[in-house]
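Notes to accompany the following structure.
The values are calculated or read from the model by the stated rules, or taken from the named source; none is laboratory data. Note that this is a predicted model, so its numbers are computed, not measured. With ideal geometry, Cβ positions are generated from the backbone for all residues, glycine too; neighbour counts draw on all protein chains shown. Side chains included, ligands, DNA and RNA excluded: accessible areas come from the protein's heavy atoms. Shrake-Rupley method; radii C 1.70, N 1.55, O 1.52, S 1.80 Å.
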Number of protein chains: 2
Amino acid sequence: MTPQELRADIAAGRMTGPTAGLLDGHQQANLAIVPRELAFEFLLFCTRNSRYCPVIAVTEPGDPILRFGATEADLRSTLPRYRVWRAGELVEEPTDITEYWRADSVGFLLGCSHTWEGPLRRAGIPIRYAPDTMAPPVYVTTRAAHPAERLSGPLVVSMRALPAEHVARAVEITARYPTGHGAPVHIGAPEALGITDLHAPDFGPSPVIEPGDVPVFWACGVTPQLALPNADAAYAITHYPGHMFVFDHLVDAS
Amino acid sequence: MTPQELRADIAAGRMTGPTAGLLDGHQQANLAIVPRELAFEFLLFCTRNSRYCPVIAVTEPGDPILRFGATEADLRSTLPRYRVWRAGELVEEPTDITEYWRADSVGFLLGCSHTWEGPLRRAGIPIRYAPDTMAPPVYVTTRAAHPAERLSGPLVVSMRALPAEHVARAVEITARYPTGHGAPVHIGAPEALGITDLHAPDFGPSPVIEPGDVPVFWACGVTPQLALPNADAAYAITHYPGHMFVFDHLVDAS
């Protein structure tokens, strides 16, 4: 299956499940759509927290068609599921947002960490997710993101527990993927981030941790999603967790 | 001399010359100040052309004080010279812009290539500038920058002529400095960029080119300066060429 075929299946309603784990090697991205009047603040928040919100592409205001390299896609229907927010409240989780798109909508595609799961696996580094999940546990830290006018919130991290002998290599590999949040932001010592119980994540499944494992934390794209409701904007639309946009292009290490 | 002392001398009017070549190892930056209503477009232009406009810091709208890491400085007086634009026309080149700062002014500090001249020199790679200059020749190419709404213009490059055996090492070294425009964007073949005569640059001094040299082109921070007048904004303020802002922090290779 190609990214174009996957997006066609999604747009036709034949595929509504998560994209996590599909089309290994293709760039996947989180989505945020905000009104033009919030666009500077959102882009500034991403710039000031670029490890957490790596900007891959931004659409022209009002135009729902994303054009980026070889990729051309209608953002209103080519993600499997969305979240629609109004004045900071989650109001719906539809599979198509055509009726919610406005003349002032600006779409932001932000890189996500699925980018480097393939390269880690190929390097022999085990990524152990909970059975039947393709997602890491996610924790809200006690550290604040750098605010940008109305946008503020906590820094959020994802965690993978790795055998101690693989930690340095995992740093080297993930550092090559700035559109996948890059190198870890924190290794070991979860309490320094305000995380008291690794088995009680704020989002996602409980982790699989084996004796000798070290918890390794990466910047997480949930960070802008927690800041957006605080802006109290007229509306915002995000992807539903795990249900990302898939680009035509393969991820190349930098 | 420390960066704080240098900025104090500049603010007191005791120093009005170029910062190029001063305080080797400290991050220097280009400046652009635009009205808040143009800020999204300018930041988007920088994001879409990040090799040419690497954003280091953005001020809070209306606040002339830059706070970034240990650096705290009044942007109205701590660069040696500025350029003030109105509706796309250059109107003045003052040494202080206190009278031009407005309640809607947003300042952008953009990385510049002086960042890696020290590391290249220390690696034994000769950077040959014209006598009595500390600046490279700069060329306007026939390639267009990725536009962002009202902002559009040509891509601009700087050039250093290097002995062929040093070219690959220069790529490796400069690639480590994303806030210095990173790796070259083009090596050899100036005609492919629309440059017909290397000895007739659009800005800066004529180059020193010796037999066996290869022209190596880096993304240049003049790119946003040529796009800004096209936006026809009420005003814009930029640094005067070679007269940059000097941060407290040293540049670290990534």
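State in Å² the accessible area per residue of the protein assembly as shown; use a 1.4 Å probe, count heavy atoms of protein chains only, and round to the nearest integer. Mind showing how you got there, number by number?
Details: 20200 Å² over 508 residues.
Ligands and nucleic acids excluded, the figure is 40 Å² per residue.
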Shielding by partners for A:9-22, please: the mean number of other protein chain Cβ atoms within 10 Å of each residue's Cβ. 0
Rounded Å value of the spacing that divides the Cα centres of the range A:37-79 and the range A:123-175: 22
Accessible-area loss of at least 10 Å² (1.4 Å probe, chain alone to full protein assembly) applies in the range B:59-85 to B:Glu60, B:Pro61
So for the protein assembly as shown, taking the charge dipole from beta-carbon charges (+1 Lys/Arg, -1 Asp/Glu), which of A:Asn30, A:Thr142, B:Tyr129 sits furthest toward the positive end? B:Tyr129
What residues of the range B:185-202 lie in the reach of a label at B:Leu90, counting those whose backbone N is under 14 Å from a point 7 Å from the Cα along Cα→Cβ? B:202
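What is the mean number of Cβ atoms from other protein chains located within 10 Å of the Cβ atom of each residue in peptide A:145-153, rounded to a whole number? All intermediate terms of the calculation are to be shown ahead of the outcome.
Details: counts 0, 0, 1, 2, 3, 0, 0, 0, 0.
Average neighbour count from other chains, rounded to a whole number: 1.
Using a 1.4 angstrom probe with every protein chain in place, what is the largest-first accessible-area order of B:Glu5, B:Glu89, A:Glu149?
Details: B:Glu5 95, B:Glu89 120, A:Glu149 75 Å².
Heavy-atom accessible area, descending, gives B:Glu89, B:Glu5, A:Glu149.
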Which value, in square angstrom to the nearest 100, describes the accessible area buried between chains A and B on both sides, using a 1.4 angstrom probe? 1300
What ³J(HN,Hα) values, in whole Hz, does the Karplus curve 6.51 cos²θ - 1.76 cosθ + 1.60 give for the range A:184-190 when θ = phi - 60°, with x put for Gly and Pro? x, 9, 6, 10, x, 6, x
Charged-residue dipole, Cβ positions (Lys, Arg, Asp, Glu), the range B:116-223 about Cα centre, Debye nearest 20: 340
What number comes out for the charge environment of B:Arg81, summing +1 per Lys or Arg and -1 per Asp or Glu over other residues with Cβ under 10 Å away? -1
Put +1 on the Cβ of every Lys and Arg and -1 on every Asp and Glu Cβ in the protein assembly as shown; which of B:His166, A:Met244, A:Thr16 then has its Cα farthest towards the positive end of the dipole? B:His166
Express the relative contact order of the range B:116-223 as a whole percentage, based on alpha carbon pairs under 8 Å and six or more residues apart in sequence. 37
Under 5 Å from the placed amide H of A:Leu155, counting only residues 5+ away or on other chains, we find A:Thr141, A:Arg143, A:Ala144, A:Ala145
Ignoring any ligand, DNA or RNA, what whole percent of the accessible area of the range A:116-223 comes from carbon and sulfur when the probe is 1.4 angstrom? 58
Shielding score for B:173-181, defined as the mean number of other chain Cβ atoms within 10 Å: 0
From the phi angles alone, apply the Karplus equation (6.51, -1.76, 1.60; θ = phi - 60°) to the range B:238-251 and give each ³J(HN,Hα) in whole Hz, x where the residue is Gly or Pro. 10, 6, 7, x, x, 10, 9, 8, 10, 7, 5, 7, 7, 6
If you put +1 on each Lys and Arg Cβ and -1 on each Asp and Glu Cβ, how big is the dipole of the protein assembly as shown around its Cα centre, in Debye rounded to 20? 520
For a quick check, take a GNM of chain A with Cα springs below 10 Å and name the residue from A:Thr78, A:Thr196, A:Thr223 with the largest mean-square fluctuation. A:Thr196
Treating only the Cα positions of the protein assembly as shown as identical point scatterers, give the base-10 log of I(q)/I(0) from the Debye formula at each q in 0.09, 0.10 Å⁻¹. -0.68, -0.84
Points 7 angstrom from Cα along the Cβ direction at A:Asp104 and B:Arg122: gap in nanometres? 5.0
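Could you size up the charge dipole of chain B around its Cα centre, putting +1 on the beta carbon of Lys and Arg and -1 on that of Asp and Glu, and report it in debye to the nearest 20?
Working: 19 positive and 28 negative charges, 75 e Å.
The dipole of chain B has a size of about 360 debye.
Dividing the Cα convex hull volume of chain B by residue count, how many Å³ per residue is that? Spell out each step's value before the answer.
Working: hull volume 29.9 nm³, N = 254.
Output value, Cα hull per residue: 118 Å³.
For chain A, calculate the relative contact order in percent as a whole number, restricting contacts to Cα pairs under 8 Å that are 6 or more residues apart. It would help to have the intermediate numbers written out before the result.
Details: 576 pairs, mean separation 82.2, N = 254.
After rounding, I find 32 percent.
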In the range A:1-158, if the dipole is taken from +1 on Lys/Arg beta carbons and -1 on Asp/Glu beta carbons about the Cα centre, which of A:Gly111, A:Tyr100, A:Ala57 is farthest to the positive end? A:Gly111
Helix-only [θ]222 nm of chain A, DSSP H runs n ≥ 4, -39500 (n - 2.57) each, per residue, nearest 500: -5000 deg cm²/dmol
To the nearest µm²/s, what D does Stokes-Einstein give for the range A:43-114 at 4 °C and 1.567 mPa s, using the Kirkwood radius over alpha carbon pairs as Rh? 96
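When a/c reaches 1.5 or more, the comparison of a/b and b/c decides; with that in mind, is the range A:158-251 rounded, prolate or oblate per its Cα gyration tensor?
Values: a/c = 2.17, a/b = 1.38, b/c = 1.57.
Since a/c reaches 1.5 but b/c is at least a/b, the shape of the range A:158-251 is classed as oblate.
Working out 0.36 nm times the residue gap between A:Glu149 and A:Ile65, then minus their Cα-Cα distance, what length gain in nm do you get to one decimal?
Numbers: separation 84, 0.36 × 84 = 30.24 nm, distance 2.82 nm.
Gain on stretching A:Glu149 to A:Ile65: 27.4 nm.
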Computing the accessible area with a 1.4 Å probe over protein heavy atoms, can you report the carbon and sulfur percentage for the range A:1-64? 50
